[in-house]
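One structure is given here, and the rest of the page talks about it.
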Amino acid sequence: MSNLRIVYDNAAPRATLTASSTAGALVVGNLQDENKSTLWRATGTTARLTAKWATPEPVRCIALPVCNLSPTATMRVRLSTNPATTDPWAAPTSDSGVVTCCPAPARRVRGFTAAQAATAYAHGGGACAVVWLPAVVNAASLTVEIADAANAAGAIEAAALVIGDYWSPDENAGYDVAMTPVDTGRHERTAAGGLLTEAGTRYRTLSFSLEHMTPADRAAMLDIAAGNGVTHAMLVSLLPGIEDAAAERDHTLFGRLSKTTAQRIVRYRTYATTLELEEV
């Protein structure tokens, strides 16, 4: 199993994005914010997204952390390091090949006919599609081809796009990991003793510890925590590449730090900290 991966500097908002198709007002620019309520939707079950930067960006991860893709969906990423390239799909310098990007099905949300659909995103639904590249590419542009013939909605949609390099510690996270599905609904008792429930939205939190950080890990983790604060979202994959696809899905989260936490010196040249994240 690979060590955890954190994409803390999302280059997608700095890109010029285009899409091969767009359904009405659900434009591709909606992928550049972090809200589940704003979507890009294609007009069919295949689509291409292209991102271009004025200055090349380091890329090892391309993700749609909230989307409606099925377990058989694939993504293929072609990247160009040449700033003069106008079409990275036609003239790539790097190619991910076809990748099954979200092999575990979206979490089932009761009360919604399709857990993948946008109406379920605020209630814990939706899939997470990820492509990890074997090496970092300083990309001036890239194109992502998405194919999902089994898409339940008949059209690809996503609420956010994450593109960037990831940080991975030398020593992995400890085993005392807490993933919590949070429901903001409220109970109230009637005068007759019945229980009434006011429905709310749902999201996840993820908490884990880095208990054996090296000096280099300590410095990098402090840069991430202090740099992002509680303001900027990051993509955290706690179990990348694990055989249990559902466990990888449930421990991959696009969110913000709930709070900043202390870094501790536990012994000579060994450091520790705890991260607590809240899904956007």
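The values are calculated or read from the model by the stated rules, or taken from the named source; none is laboratory data. Note that the structure is a prediction, hence the values are computed from the model and not measured. Reconstructed Cβ throughout: ideal geometry from the backbone, glycine too, with neighbour counts over all protein chains shown. Protein only, heavy atoms only, side chains kept; ligands, DNA and RNA dropped before computing areas. Shrake-Rupley method; radii C 1.70, N 1.55, O 1.52, S 1.80 Å.
Overview of results
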item: Point-charge dipole on Cβ atoms (K/R +1, D/E -1) for the chain, about Cα centre, debye to 20; result: 320 debye
item: In the range 156-204, trypsin sites (Lys or Arg not before Pro) in a DSSP loop with at most 11 other beta-carbon atoms within 10 Å; result: none
item: Of all accessible heavy-atom area on the range 168-280, the percent that carbon and sulfur account for (1.4 Å); result: 50 percent
item: Residue among ALA129, ALA247, ALA25 with the largest mean-square fluctuation in a Gaussian network model of the chain, springs linking Cα atoms under 10 Å; result: ALA25
item: Listed residue (THR143, ALA23, PRO13) projecting farthest to the positive dipole end of the chain, Cβ model; result: ALA23
item: C-alpha center-to-center spacing [the range 225-250, the range 32-85] in angstrom; result: 18 Å
item: Cα pair distances of the range 127-258 binned at 5 Å [whole percent]; result: 2, 7, 12, 16, 19, 15, 10, 8, 5, 3, 2, 1, 0, 0
item: For the range 17-134, accessible area per residue (1.4 Å probe, heavy atoms of protein chains only), Å²; result: 43 Å²
item: Two-decimal Rg/Rh across the range 75-173, once Rg and the Kirkwood Rh are taken from alpha-carbon atoms; result: 1.04
item: For the chain: span of alpha carbons on each principal axis (Å, largest first); result: 68, 55, 32
item: Counting all C-alpha pairs of the range 1-155, share separated by more than 24 Å (%); result: 31 percent
